[in-house]
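A short worksheet on the structure shown next.
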Amino acid sequence: MIRTQRLAAGVCALLAALTAGIAFPAGAVADETTATAPKVDLVIDVSGSMRAKDIDGQSRMAAAKQAFNEVLDATPEEVQLGIRTLGANYPGDDRKTGCKDTAQLYPVGPLDRTEAKTAVATLTPTGWTPIGPALLKAAEDLDGGEGSKRIVLISDGEDTCAPLDPCEVAREIAAKGIGLTIDTLGLVPNTKMRQQLSCIAEATGGTFTSVEHTDELADKVNQLVDRAADPVVTPVATTGADQCAKAPTLNSGLYTDREEFGQQRWYRVKVPHGWELRASVSVAADREVNPSYGLLLRATTEGGREIVRGEAAGNGRTDVISTGLRYPKAEAEDAEGEIAPETVCLQVTHSFSPAGGVKTTPGLPLEVTIDVVHGPDASNDVASFGLGRGWWLLGALILTGFLAGLVWGWLSRWRVAVWRTN
């Protein structure tokens, strides 16, 4: 009897060990998948103005609900999605209370479509438009994890909770460097609302879209949710030098750095013979700056001779400015043995200036993209060979015109000869 009990206990222990051995790796994989899953927080304006019936004959709220149901049906399985409201719960006139009216309607996580749709169906246009507080809370909703993070803000009016400027809130979120993008959609927007929503989006590298029809709203939100599922390229942190001789050598990739006002940043790239350097740089104003600014990207030799440059200018209408350049390194002729690549120095200079009372440190964030590729050797690269295969078309047109001219001339002379004879 004792031996039977011991045998049964041993079998149970073995089964438990096998179960644990199978379960733990699966749990580890699930945790890893969750940590890298893309996250999206849909932030919907439920203020009183959403009652207006000017979208395809129905109210803005009804159009938003219809669009949300379509989006929830089409959301990819790998995307963790949440829904946050602003102005949905407080109908009163107390501004202090109304500006705190933001709540998580559906938590960010694996999507239960039925539960999410049920939650959306309960929404009724109610109160204020606290966009700034809602964005701060939405950023907290997306905290943690290594996957892409995206806020999609849908609103039909301007923020009513100044002095907490939602554009400054977006810049603050961008300055944290958490890789969060805010896209904005304006329902039947006016000029002032369009400017505010554009500023919010541009501060984080997002997009603004004006929406006046239900199908447009559903299509755009679906595009943004799908975009969140795209692979994320994480920039590599680097620190440029104040001169080329001390600059770090960069390979093909995406890099991030910070450049203070009035400063220069230098980087080095090795370009083999027969290859081409393609470089671009973007600088973001993550704080208030004076209008009218520029960006310069120069490629020089180690001796300081300029090879090529890219320039861009801005006038305060956007918070991000970008430029780029291309440098094809010709094949070495009559060369014996292996030839060392050329070292190209890249200089980044911007002319942003801080507004009064604005901190100058840390420097403005910049992203540098480096791509060293095989140089074009055929006419299919229009950028390097001008018309490319268009030369064939141009030659054919010239030949056709010449032959047509000969035929027309011969016919004309024949008609004149016949007329004279008669």
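The values are calculated or read from the model by the stated rules, or taken from the named source; none is laboratory data. Only a predicted model underlies this, so the values are computations on that prediction, with no experimental measurement involved. Virtual Cβ from ideal backbone geometry, glycine too; neighbours counted across all protein chains shown. Accessible surface is based on the protein model in full, side chains and every heavy atom, while ligands, DNA and RNA are left aside. Shrake-Rupley method; radii C 1.70, N 1.55, O 1.52, S 1.80 Å.
With respect to E158, is the statement that it is open to solvent by 10 Å² or more (accessible area, probe 1.4 Å) and in contact (Cβ under 8 Å) with a residue 60 or more places away in the chain true?
no
Can you confirm whether A121 is at pLDDT 90 or above and exposed (fewer than 14 other Cβ atoms within 10 Å of the Cβ)?
The answer is yes for A121.
Is there a residue being open to solvent by 30 Å² or more (accessible area, probe 1.4 Å), part of a strand (DSSP E or B) and in contact with a Pro (Cβ under 9 Å, 6 or more places away or on another chain) anywhere in region 130-145?
no
Which residues, counting only those in region 194-213, are surrounded by fewer than 20 Cβ atoms within 10 Å (Cβ to Cβ) and under 12 Å from the mean Cα position of the chain (by Cα)?
G205, T207
Can you work out which of the residues in region 214-248 that are open to solvent by 80 Å² or more (accessible area, probe 1.4 Å) and charged (D, E, K, R) is farthest from I178 (Cα to Cα)?
Residue satisfying both the conditions and the ranking: D215.
Taking the criterion of being modelled with pLDDT under 80, part of a loop (DSSP other than H, G, I, E, B) and open to solvent by 70 Å² or more (accessible area, probe 1.4 Å), would at least one residue in region 336-347 satisfy it?
The answer is yes; a qualifying residue exists.
Going residue by residue through region 163-181, is there one that turns out to be open to solvent by less than 30 Å² (accessible area, probe 1.4 Å), assigned to a strand (DSSP E or B), in contact with a helix residue (DSSP H, G or I) (Cβ under 7 Å, 6 or more places away or on another chain) and in contact (Cβ under 8 Å) with a residue 24 or more places away in the chain?
Within region 163-181, one or more residues are open to solvent by less than 30 Å² (accessible area, probe 1.4 Å), assigned to a strand (DSSP E or B), in contact with a helix residue (DSSP H, G or I) (Cβ under 7 Å, 6 or more places away or on another chain) and in contact (Cβ under 8 Å) with a residue 24 or more places away in the chain.
For A330, all conditions in the list (1) open to solvent by less than 50 Å² (accessible area, probe 1.4 Å); (2) of a type outside the set (F, W, Y); (3) part of a loop (DSSP other than H, G, I, E, B); (4) touching a Gly at 6+ places or on another chain (Cβ under 8 Å) hold save one; what is the number of the exception?
All conditions are met except number (1).
Please state which of the following conditions G262 fails to meet, knowing it meets all the rest: (1) in the same structural domain as L81 (by TED's automatic domain parsing); (2) without any contact (Cβ under 8 Å) to a residue 12 or more places away in the chain.
Evaluating G262 over (1) in the same structural domain as L81 (by TED's automatic domain parsing); (2) without any contact (Cβ under 8 Å) to a residue 12 or more places away in the chain leaves (1) as the failure.
Looking at (1) of a type in the set (D, E, K, R); (2) within 23 Å of C199 (Cβ to Cβ); (3) touching a Phe, Trp or Tyr at 6+ places or on another chain (Cβ under 9 Å), find the lone condition where D141 falls short.
The single condition D141 does not satisfy is (3).
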